[in-house]
1. What single numbered condition from (1) in the same structural domain as H177 (by TED's automatic domain parsing); (2) closer than 18 Å to T64 by Cα fails to hold for V128?
2. Which one of these does A144 not meet: (1) in contact (Cβ under 8 Å) with a residue 40 or more places away in the chain; (2) in contact with a Leu (Cβ under 9 Å, 6 or more places away or on another chain); (3) of a type in the set (G, A, S)?
3. Take the range 118-132 and flag every residue that is crowded, with 17+ Cβ neighbours inside 10 Å and part of a loop (DSSP other than H, G, I, E, B).
4. Can you tell me which residues in the range 109-160 are of a type in the set (K, R) and in contact with a strand residue (DSSP E or B) (Cβ under 8 Å, 6 or more places away or on another chain)?
5. Answer with yes or no whether T183 is assigned by TED's automatic domain parsing to the domain that holds Y117, among the β-branched types (V, I, T) and over 20 Å from K116 (Cα atoms).
6. Among the numbered conditions (1) modelled with pLDDT of 90 or more; (2) of a type in the set (A, V, I, L, M, F, W, C); (3) surrounded by fewer than 14 Cβ atoms within 10 Å (Cβ to Cβ); (4) within 19 Å of the chain's Cα centre (by Cα), tell me where W114 comes up short.
7. Report whether or not I12 is in contact with a helix residue (DSSP H, G or I) (Cβ under 8 Å, 6 or more places away or on another chain) and in contact (Cβ under 8 Å) with a residue 24 or more places away in the chain.
8. So M111 ticks every box in (1) hydrophobic (A, V, I, L, M, F, W, C); (2) without any contact (Cβ under 8 Å) to a residue 40 or more places away in the chain; (3) within 30 Å of P73 (Cβ to Cβ) but one. Which box is left unticked?
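The values are calculated or read from the model by the stated rules, or taken from the named source; none is laboratory data. Just so it is clear, the structure is predicted and the values come from calculations on it, not from any experiment. Quick reminder, even Gly has a Cβ in these numbers, built from the backbone with ideal geometry, and neighbours come from all protein chains shown.
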Amino acid sequence: MIKTASGLSELILTFTMDTVKVFEKREDKNEEGTVIKKIQTEYTDQGALKARTVKDLLTSTNSTETFFLNGHPKSKTTSKAGTIVEELYFDEDGQELSKATKIAPLPKGNMQGWYKYLANNMRMPEDVKRSGLNETVYVKFEVATDGSLDNIHVLNPEEVHTSISKEAIRLLTKYPHQWTPGTLNGVATAMDMILPLRFKYGN
């Protein structure tokens, strides 16, 4: 717990890879202990800052920043109540660029093909099959420029059953097709994706 000007900042979750921190989740609270801000920070395998997402619960504002390996900002997107209100892009020297044309990655057969894959391959873990759970797993991964999937991990492991998290990772890891990579200004670019996987058990 770290004391800040507005209250307290509490570390909620940390992932490490070969002793290098690659993901961190933190919550800021006011003096009454109410969560007012949620912060997720990602790092490269070498420990350099990669991305930071800040959700301000008081203003309903979300901001996402990405960074170059030299630490300079790469992009910043701000949204309020689900609507994007600002998009900024920068070069590696920190100079602002015009808005980029970005096309998100897609699985084979577009999202309809993805839903069909899930319907045919999602397995219900036996240890929670009859528990009546109804949970949503948020899986984050990177679609590389060749369409392969890297850095697959669950964003909310503390909110779902361990077996469900493992099944979500399996579904992404065993996906048999290459994705169509995303593009930035017409150039294939590695991009992060976040997809929800809903698990419903019982009657």
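1. Going through the list (1) in the same structural domain as H177 (by TED's automatic domain parsing); (2) closer than 18 Å to T64 by Cα, V128 breaks only (2).
2. (2)
3. The one that is crowded, with 17+ Cβ neighbours inside 10 Å and part of a loop (DSSP other than H, G, I, E, B): P125.
4. Correct list: K140 only.
5. For T183, the condition - assigned by TED's automatic domain parsing to the domain that holds Y117, among the β-branched types (V, I, T) and over 20 Å from K116 (Cα atoms) - is met.
6. Of everything listed in (1) modelled with pLDDT of 90 or more; (2) of a type in the set (A, V, I, L, M, F, W, C); (3) surrounded by fewer than 14 Cβ atoms within 10 Å (Cβ to Cβ); (4) within 19 Å of the chain's Cα centre (by Cα), W114 misses just condition (3).
7. Details: in contact with a helix residue (DSSP H, G or I) (Cβ under 8 Å, 6 or more places away or on another chain): yes; in contact (Cβ under 8 Å) with a residue 24 or more places away in the chain: yes.
For I12, the condition - in contact with a helix residue (DSSP H, G or I) (Cβ under 8 Å, 6 or more places away or on another chain) and in contact (Cβ under 8 Å) with a residue 24 or more places away in the chain - is met.
8. So M111 meets the others, but not (3).
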